[in-house]
Structure formats: structure tokens, C-alpha cells
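> The structure follows.
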Amino acid sequence: MPDTKPNSLDDLSINAIRVLSMDAVQKADSGHPGTAMALAPLAYVLWTRHLRYNPHNPDWIDRDRFVLSAGHASMLLYSVLYLTGYDLTLDDIKQFRQWESRTPGHPEYGYTAGVETTTGPLGQGVGNSVGMAIAEAQLAATFNRSGHAVIDHHTYFIASDGDMMEGISHEASSYAGHLKLGKLIGFYDDNHITIEGDTDLTFSDDTAKRFEAYGWHVQRVEDANDLDLLDRSIAAAKDVRDRPSLIIVRSHIGYGSPNKVDTAEAHGSPLGVDEIKLTKEALGYPSQEPFYVVPEALANWRTMTDRGARLEAEWQKRYDAWKAANPEDGKELERRLRGDLAEGWEALIPTFTADNGSVASRAASGIVLNAIAPKVPELVGGSADLASSTNTIVKGAPSITPESYAGRNFHFGIREHGMGAVMNGMSVHGGFIPYGATFLIFSDYMRPAVRLASVMKRHVIYVYTHDSIGLGEDGPTHQPIEQLSTLRAIPGFTLIRPADASETAEAWRAALKHNGPVALVLTRQKLGFIDRTKHAAAAGLAKGAYVLADSPGGDPQVVLISTGSEVALILEAQLKLAAEGIRARAVSMPSHELFASQDAAYRDSVLPSGIKRIAIEAAHPMSWHRWVGDSGVTIGIDRFGASAPYKEIYEHLGLTVAKIVETAKRLVAGTPA
Ligand SMILES: Cc1ncc(C[n+]2csc(CCOP(=O)(O)OP(=O)(O)O)c2C)c(N)n1
């Protein structure tokens, strides 16, 4: 039961969240009122007594971060953003879940001031929070000077039962515990209810013990309405600086609703007009008018705008003093936060020559990464325990450890999904271009985070190696087939599969200049050197596809298109076809997406209309139809691979020069298959 006196200022302020939440869900006839109602006191204590933010400058870099990992309870966040005076109006609240409103069903990064990351897929927000806390710790370790703490903020998240059940929260929390992220504070909304009913049906973990075992500091608040206990617990969590904190809050979903409290019904449906009436009565709310916020309560919340401005102004003074004492650091931090690359970094990109011999694109990638690293300090990352295979270590640079947060080499452990979510958190925090590496096959293990990077348009780089059957003996479990097509299907995602070392260098250039998620898809096996004195320059990669070798002796009769390791096959096929009097053009197409973004004239200059096309790629052919059309042919793989030396697998699966030649001859002759 509430410890606030009915109609006290605290009580009215807390009930404002409950009223806005249930009324908005009712008006939309869709949404999740129960958790917002239950956690209103927590939001009140956190946002009025602890969280450091300025509603009038949501981008203040040293603000505390807040992540609602239980994104379905979005009305909790929208209510608080409106009440504290962010750029969100009561009309926006009334537009909850409507087309182009600033109050979408789940919090969406970039649409609503004060929303730090997109949440909704459960568990991701916990991972994002870990990334944000790492970003804070790294920037602090890099830029703070004694007597000048310009980066010094906390990261808070609210997680529900669903967040806790999802594996990703385990991965991320385990990593956070390992790194001893002392400024990360999570709340677990322990309400015993999920969609199918009581958690007795599904969940008997001892969450406190689990988090203690991860190395977290754990507290319990047995009554979500106990403002003082919440306050004290948060204060205690802030005092614990040597490990992350979890505060387990026993709450009652749908709190205030006489008939729906503690039921799954309160989770994801409007309470109903009658029940809302009863709830407002039970809460002793002074009005039945929908969306009514008592003026004194609004005024109370709005004192947060002055508080926020004051907090930022105090920080600004510290920042100015720091910048005056450390002008170069000041410029560097501001550059990184703007997302600009430092001058001169491109000059460090190496050139590969015949002397380099055959090089696997994963190895070339490692060389490029190491070459550019000194001028791109914001490029930090690592792999999910595959660094020696993915070539993603920056040599000579320290690793990030609990003792040294400034280290740029990350060891994410075997936690691909957590890695993806941490990268997103670091990216939305600002100041970083995170990269994360694993085998292409295990992109599946992190796909939900990759998808969210795309939803949020974040500049993150995935280094995916061992990109096909070309990895050989590890067999079908490790050989990607459908991954290229399924990654290409993600809107806003850019995939680059370079054909040789020179294209790999260009791929890194493109990835750093791009403003969105990019995957570099690289081989385990060595790739031959493509002689750029005879063939077109690899700089063509920037346009996604380019004519690598045009048909000798006249206009092409057929266009051969390929990516990555199979480009060598089309070059050989072109020569064989020429010997038989057939003019074939060889097109390297490392990136469908970059090519698709070129104008029609350029696309037509590479793939002239009316000329039949053959694509070859050691992967599922699904993503190729757009480029070969109905009259063309894709030579791909629509079965799982096999465990054998890779050249044999290529032969057995028909990815051969002979197959290309035979197909080209058939197409040119117009003979049906
Ligand atoms: C990855 C993922 N799976 C499933 C869902 C659908 N979903 C939304 S909320 C929820 C569980 C609700 O229980 P809980 O997490 O305890 O939230 P509460 O009911 O307490 O608000 C589920 C399964 C989701 N949003 N994300």
C-alpha cells in the first residue's frame, strides 16, 4: 500500500503517470498500462531525486542514461518525459501509437527527445545499458584529468521478467559483472506476471543469487510504493563503485486497479473505461477527466527543468575549465562526439601489391585495421573469442579490463548477442564506432541486435569472417549459406564482401565513411591477387559494383557478376569464354546495397539492360534476383555445405569456372536450360 498520503504532492505526481498511462492506452485501444502503473513510484523517485538530466538539452553528453528495457511499458517513459518538460506535449501523449506520432508503441531512438535507445525486443535494453556504461567508463578513462571529471554519469535500466528470462540479458550482465561496471544500476521489476500468467509457470530462478554470482551488488525493495526505501536503495547503489548494481523491486502490475492488479490482463490491454473509473476512485484521484494532471503535480514535476538546467550549467563550468586546461583533448572529444573522422586517417589505408601474394581477406582486414587504428581511436572493439581467426586485434594496444577501461581491444567472450547489444549501446552513447567480430555463421546468434542497429541507423561495423563453404573442413554447421541473403534483407543494412586484399582496404574505407551498420564479410581461405594494372581499381567498391574486366573485343554478350572469393572464378571464366569467341564482362559487386544506392545511369553502365547476366556466389541465391532478372541465372547453393577440403566442396556443389562457362554459352545461344 502507498506510503504517500492521499493527494499529497508525491501521491498526485506519481498518480499522474498512472493516469496518463491508462488513459493513453485506453485511447489508443492498444498498449501496456500495467507496468507503467506499477513502476510509477520508482520513476518518480529516480527522475526527481537521482537521475541527472536536462529536459531542455536531451543531448547533454554527461547526462545519466536511462533505458527502459521493458520497452512495452513505454507509457512510463513518455509520461515522465512529458511531465519533466522534455519536448513532448500532452497532445503527443494523446497520439500514443498513432502514425508518425512521437509516442510510438515502443520507445524509438531518434523519434522522441529523451529516448536513449530503441527497446521492445526483451533483453536488448539490458545489453544496450551495458554498452552505455562501458562507453562512459572508456571516455572517462580517456578524457578525465585529475581534478577534472568531465565524463561522470550513471546508466540506469529497468528490466522485466521477460528481460531477465532472455539469454541476452545473461550475456550482457555477465560481461558487465566481469568488467565491474560500477556506474551501471539496473532495476528488476519483479511483478510475478508475464503474458501467459504467473511466473510460477515459467521462472523459478533466484535472480538475486544469479546476479550476485555475476559479481553484481544486489538489493531488494519489497514494496514498489515505498519511496524512501527506493531512494535509499538507489543511493546505496550509487555508492557501490566497484561493481554493477541490481535493485529487485517487488511490484504489482496494474497497481491501483481494483480488479486487474496482479493479473496478466493488466499487462497488454486497455483496462477498460469502467475499470479506469474504478481505478481513479481507488487511487483517490481528484478527477475522472481523461489525461488530467493536477496542476500542482505538473508544477512539481516541472521543477526538474530548472534542476536540469542547473546541473548542466554546473557541469559546463567544469567542462570549460577542463577544456581550457586541455585544449587538444577538448577538440578531440568534441570531434568524436560529432562523429567526424580525424583528418589524415585515409592516408593510412595500405595499398596491396603483387608482392603481398595471396591473402585471405580476413588477414588483409587485420592489416588495414591496424594501419588505420592510430588515427581512428574511436574505432574500438573485438570479437566473441575469435580474435586470432577474425584478425581484429589492434596490436600493441591494451585490452579493456576492470582495471583499465581505456583499453581499445575488447574481449567480448563467447557472447555474440551480448556483443551486438553492447555495440549498439556504445554507439548511441556517442564517441565510438564500435566493431564486433565473429564467424559469419554466428551472425545468426546476434541478429536481433544487428537488426536494431539498422532500425536505429547506428554506425557500427561487423567483421564477419569464414564467410562460406570456403572455410572447408568445419562443415555445414559452420558454413554460411542463407546468411548473406538474410542480412541483405535487413532494411538499412550494408554488407560488403570484398574480392581481394585491395577491395578489403576499400571496404574499410567505405565502412568508416558510411553512416549506418556495415558488415565486412571476409574469407578464411587465401584469395589470389587481382592485378589492378590490368583490371579496374578497387576504388570502384565505393559504388557497390564496378566493371572489373570488360569484355575484350567489343560490347559484352553476357555479364558475369560476383562477390568475394568467387570473383576469381568469373575472371577465369571470362578468359575461357574469350577463347571460345564469347565476349563476357566481369563485374565485381561487393555490396548490393551500395550499388542499389547509385543512380540509374551508373547502374546501367555496369549492368547494361538487355544483356543477360550470370551471378555466382557461394551462398543461397535468394538475394540475386534483382540483379540477374528473369532472363539471368544465379549459380549459388541451396543446400547445406559439407565437411571436406574447400576446393572439393566447390567442385561438388558446382561453383566452378566450367559451370559459369557452360551457363554463359547457353545464355548467349539462347538455349533453354
Ligand atoms: C524478445 C521478445 N520476445 C517476446 C516479446 C513479447 N512480449 C512482450 S512483453 C512480454 C512478457 C511480459 O512479461 P514481463 O516481461 O514480466 O513484463 P510485464 O508483464 O511485467 O510488463 C512478452 C513475451 C518481446 N517483446 N520480446
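The values are calculated or read from the model by the stated rules, or taken from the named source; none is laboratory data. Here the structure is a predicted model, which means the values were calculated and not measured. As a convention, Cβ positions derive from the backbone with ideal geometry for all residues, glycine included, and neighbour counts pool all protein chains shown. All accessible areas refer to the heavy atoms of the entire protein, side chains included, with ligands and DNA or RNA removed. Shrake-Rupley method; radii C 1.70, N 1.55, O 1.52, S 1.80 Å.
> Quick one: is Pro377 open to solvent by less than 60 Å² (accessible area, probe 1.4 Å), out of contact with any Leu (no Cβ under 8 Å at 6 or more places or on another chain) and at pLDDT 95 or above?
For Pro377, the condition - open to solvent by less than 60 Å² (accessible area, probe 1.4 Å), out of contact with any Leu (no Cβ under 8 Å at 6 or more places or on another chain) and at pLDDT 95 or above - is met.
> Is there a residue in segment 475-490 that is within 22 Å of Val587 (Cα to Cα), surrounded by 24 or more Cβ atoms within 10 Å (Cβ to Cβ) and charged (D, E, K, R)?
no
> A further question follows. For the condition over 19 Å from the mean Cα position of the chain (by Cα), of a type in the set (Ser, Thr, Tyr) and modelled with pLDDT under 95, what is the one hit in Ser160, Ser146, Ser204? Steps first, please.
Details: Ser160 fails: modelled with pLDDT under 95; Ser204 fails: modelled with pLDDT under 95.
Exactly one residue qualifies, and that residue is Ser146.
> Find the residue count for segment 556-585, including only residues that are in contact (Cβ under 8 Å) with a residue 40 or more places away in the chain and either among the aromatic types (Phe, Trp, Tyr) or not in a helix (DSSP H, G or I) (or both). Steps first, answer last, please.
Taking segment 556-585 first, the residues in contact (Cβ under 8 Å) with a residue 40 or more places away in the chain are 556-573, 576-577, 580, 582, 584.
In the following step, the residues that additionally are either among the aromatic types (Phe, Trp, Tyr) or not in a helix (DSSP H, G or I) (or both) were identified as 556-563, 580, 582, 584.
Here the count works out to 11.
> Pull up segment 300-357, narrow it to residues that are assigned to a loop (DSSP other than H, G, I, E, B) and among the aliphatic types (A, V, I, L, M), then point me to the one that is farthest from Trp47 (Cα to Cα).
By that ranking, first place goes to Ile349.
> Scan segment 119-144 residue by residue and report those that are within 16 Å of the ligand (Cβ to nearest atom) and open to solvent by 10 Å² or more (accessible area, probe 1.4 Å).
Gly120, Pro121, Leu122
> Let me ask you something else. Quickly run through segment 386-401 and pick out the residues that are assigned to a loop (DSSP other than H, G, I, E, B) and open to solvent by 40 Å² or more (accessible area, probe 1.4 Å).
Correct list: Asn391, Ile393, Lys395, Gly396, Pro398.
> For Gly71, state whether it is within 16 Å of the ligand (Cβ to nearest atom) and either aliphatic (A, V, I, L, M) or modelled with pLDDT of 95 or more (or both).
Criteria met by Gly71.
> Another one. Can you tell me which residues in segment 244-255 are away from the ligand (no atom under 12 Å from the Cβ) and part of a loop (DSSP other than H, G, I, E, B)?
Listed by number, the list holds a single entry, Pro244.
> How do the pairs read when you match residues in segment 370-386 that are touching a residue at least 12 places away in the same chain (Cβ under 8 Å) with residues anywhere that are open to solvent by less than 40 Å² (accessible area, probe 1.4 Å) and assigned to a helix (DSSP H, G or I), using Cβ under 6 Å and keeping only pairs 6 or more apart or on different chains?
Pairs that qualify, where the first residue is touching a residue at least 12 places away in the same chain (Cβ under 8 Å) and the partner is open to solvent by less than 40 Å² (accessible area, probe 1.4 Å) and assigned to a helix (DSSP H, G or I), are Glu378/Arg336; Ser383/Thr390; Ala384/Glu416; Ala384/Met419.
> Ok, one more. From the list Asp190, Asp206, Asp226, which one is within 16 Å of the ligand (Cβ to nearest atom), within 30 Å of Pro33 (Cβ to Cβ) and not hydrophobic (A, V, I, L, M, F, W, C)? Let's see the steps before the verdict.
Numbers: Asp206 fails: within 16 Å of the ligand (Cβ to nearest atom); Asp226 fails: within 16 Å of the ligand (Cβ to nearest atom).
Within the list Asp190, Asp206, Asp226, the selection yields Asp190.
> When His106 is evaluated against the numbered criteria (1) under 20 Å from the mean Cα position of the chain (by Cα); (2) within 16 Å of the ligand (Cβ to nearest atom); (3) within 23 Å of His153 (Cβ to Cβ), which criterion, by number, is the only one it fails?
For His106, the exception is condition (3).
> Please go through segment 1-57 and give me each residue that is in contact with a His (Cβ under 9 Å, 6 or more places away or on another chain), among the aliphatic types (A, V, I, L, M) and surrounded by fewer than 23 Cβ atoms within 10 Å (Cβ to Cβ), ordered by number.
Scanning segment 1-57 gives a single hit, Leu51.
> Right, another one. Quick check: is even one residue across segment 500-510 on the phi < 0 side of the Ramachandran plot, of a type in the set (Phe, Trp, Tyr) and outside any helix (DSSP H, G or I)?
Checking segment 500-510: not a single residue is on the phi < 0 side of the Ramachandran plot, of a type in the set (Phe, Trp, Tyr) and outside any helix (DSSP H, G or I).
> Identify all residues within segment 412-446 that are of a type in the set (A, V, I, L, M) and assigned to a helix (DSSP H, G or I); write none if there are none.
Passing the criteria: Met419, Ala421, Val422, Met423, Met426, Val428, Leu440, Ile441, Met446.
> When segment 639-667 is examined, which residues are found to be farther than 21 Å from Ile561 by Cα, open to solvent by 60 Å² or more (accessible area, probe 1.4 Å) and among the hydrophobic types (A, V, I, L, M, F, W, C)?
Answer for segment 639-667, where residues must be farther than 21 Å from Ile561 by Cα, open to solvent by 60 Å² or more (accessible area, probe 1.4 Å) and among the hydrophobic types (A, V, I, L, M, F, W, C): just Phe640.
> Of all residues in segment 625-638, which are open to solvent by less than 60 Å² (accessible area, probe 1.4 Å) and in contact (Cβ under 8 Å) with a residue 24 or more places away in the chain?
Result: Trp627, Val628, Gly632, Val633, Ile635, Ile637.
> For segment 361-370, indicate whether the set of residues that are buried (at least 22 other Cβ atoms within 10 Å of the Cβ), aliphatic (A, V, I, L, M) and over 17 Å from Met419 (Cβ atoms) is non-empty.
yes
> Which condition from (1) in contact with a strand residue (DSSP E or B) (Cβ under 7 Å, 6 or more places away or on another chain); (2) in contact (Cβ under 8 Å) with a residue 60 or more places away in the chain; (3) open to solvent by less than 10 Å² (accessible area, probe 1.4 Å); (4) part of a loop (DSSP other than H, G, I, E, B) is the one that His459 breaks?
Single failed check for His459: (3).
Okay, residues lined up against (1) under 30 Å from Phe412 (Cβ atoms); (2) touching a residue at least 12 places away in the same chain (Cβ under 8 Å); (3) more than 16 Å from the ligand (Cβ to nearest atom):
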| residue | (1), (2), (3) |
| --- | --- |
| Ala43 | no, yes, no |
| Thr48 | no, yes, yes |
| Phe66 | yes, yes, yes |
| Tyr82 | no, yes, yes |
| Thr89 | no, no, yes |
| Asp92 | no, yes, yes |
| Arg102 | no, yes, yes |
| Thr117 | yes, yes, no |
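> Checking Pro327 against (1) closer than 30 Å to Asp467 by Cα; (2) without any contact (Cβ under 8 Å) to a residue 60 or more places away in the chain, which test does it fail?
Every condition holds for Pro327 apart from (1).
> For segment 71-89, indicate whether the set of residues that are touching a Lys or Arg at 6+ places or on another chain (Cβ under 8 Å), small (Gly, Ala, Ser) and farther than 15 Å from Tyr292 by Cα is non-empty.
Yes, some residue in segment 71-89 is touching a Lys or Arg at 6+ places or on another chain (Cβ under 8 Å), small (Gly, Ala, Ser) and farther than 15 Å from Tyr292 by Cα.
> Return the residue satisfying two criteria in turn: it lies in segment 550-569 and is under 25 Å from Leu495 (Cα atoms), of a type in the set (A, V, I, L, M, F, W, C) and buried (at least 21 other Cβ atoms within 10 Å of the Cβ), and of such residues it is farthest from the chain's Cα centre (by Cα).
This residue is Val559.
> Across segment 256-269, what is the total count of residues that are out of contact with any strand residue (DSSP E or B) (no Cβ under 8 Å at 6 or more places or on another chain), open to solvent by 30 Å² or more (accessible area, probe 1.4 Å) and assigned to a loop (DSSP other than H, G, I, E, B)?
Number of matching residues: 5.
> I'd like to check something: does segment 233-243 contain any residue that is within 16 Å of the ligand (Cβ to nearest atom) and not hydroxyl-bearing (Ser, Thr, Tyr)?
Within segment 233-243, not a single residue is within 16 Å of the ligand (Cβ to nearest atom) and not hydroxyl-bearing (Ser, Thr, Tyr).
> Just to be sure I understand, how many residues within segment 145-181 are more than 16 Å from the ligand (Cβ to nearest atom), in a helix (DSSP H, G or I) and of a type in the set (A, V, I, L, M)?
2
> Looking only at segment 512-548, filter to residues that are under 21 Å from Tyr602 (Cα atoms) and in contact with a Leu (Cβ under 6 Å, 6 or more places away or on another chain); which one of those is surrounded by the fewest Cβ atoms within 10 Å (Cβ to Cβ)?
Ala536
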